[in-house]
C-alpha cells in the first residue's frame, strides 16, 4: 500500500498513513480469521465499474432480474456508484472457498438438499461483508461499505419471493445488500488483479477449481 496523497478525516480526526496502513492490514487479518481463503488491499483506482457487467444480468436474463430491490434494475445507478467510489481510496478484497465444485455443477434433477446448498453459495461472502463493515464502522470509518456476491433473495430468503417488493418491508433490512456485480463492478478483473484463480463453468470440467464467492470492503 502506498501512502495517500491527501489527508483523511475519520469522525473529525485526521488519520495518518501509518494508522490507515495498520487498519487495512487488520481488516485483511480479520477476513482470514473469519474464514476467507484470501484477502488483499486494493486501491480503489483499480476498481472498474462497467455497464457491461450490469448488462450481464439481463443478457442472458438472470432469474433475479427485477426480483429484489438490490438487483437490477433497482440497484443503484452506475453513475452514482462511480461518483461514490471516487471518494474512497482503499478497499479490502476477499474470497471464500465454497467447494466442492460438484455441488454447484448443473444436474438433470438436483435434490432439494442440492438446491438449498446452491442458494447458499454466496452466504459466506455476504456474512463476512457485514462483519468487516461493522468492524470498520466501530473503528471510526463511518462511511465504510461492504458488498458480497450473489442475490440476497438466495442466501437470505432461500429463494422465497421478495417481501420488500410485495409489502415494502424487507425480512433482513440490515443484512440485504446489492452484490458487487449488481453495482457494476468487474469482479473477474479484480480477481485477476489479485492473482487469484478464476474460471467460468461452460461445460464438463475434469478437475474444476474450488468455487469461490468474493466480497469487498470499501474503507475510506
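The values are calculated or read from the model by the stated rules, or taken from the named source; none is laboratory data. All of these numbers come straight from a predicted model, not from anything done at the bench. Cβ atoms come from the backbone with ideal geometry, glycine included; neighbour counts cover every protein chain shown.
Residue 41 falls short of the stated requirement of being assigned to a helix (DSSP H, G or I), at pLDDT 95 or above and in contact with a strand residue (DSSP E or B) (Cβ under 8 Å, 6 or more places away or on another chain). Close Cβ contacts (under 9 Å, 6 or more residues apart or on different chains) running from residues in segment 164-183 that are in contact (Cβ under 8 Å) with a residue 24 or more places away in the chain to residues that are in a loop (DSSP other than H, G, I, E, B) and exposed (fewer than 10 other Cβ atoms within 10 Å of the Cβ) comprise 164/173.
Scanning segment 16-36 for residues that are surrounded by fewer than 16 Cβ atoms within 10 Å (Cβ to Cβ) and modelled with pLDDT of 95 or more gives 22, 25, 26, 29, 32, 33, 35.
Exactly one residue out of 75, 136, 129 is touching a strand residue (DSSP E or B) at 6+ places or on another chain (Cβ under 6 Å), crowded, with 17+ Cβ neighbours inside 10 Å and over 18 Å from residue 159 (Cα atoms), and it is 129. Is there a residue being without any contact (Cβ under 8 Å) to a residue 40 or more places away in the chain and part of a helix (DSSP H, G or I) anywhere in segment 55-64? Checking segment 55-64: at least one residue is without any contact (Cβ under 8 Å) to a residue 40 or more places away in the chain and part of a helix (DSSP H, G or I).
Looking across 146, 176, one residue alone is part of a loop (DSSP other than H, G, I, E, B), modelled with pLDDT of 95 or more, surrounded by 15 or more Cβ atoms within 10 Å (Cβ to Cβ) and within 14 Å of the chain's Cα centre (by Cα). It is 176.
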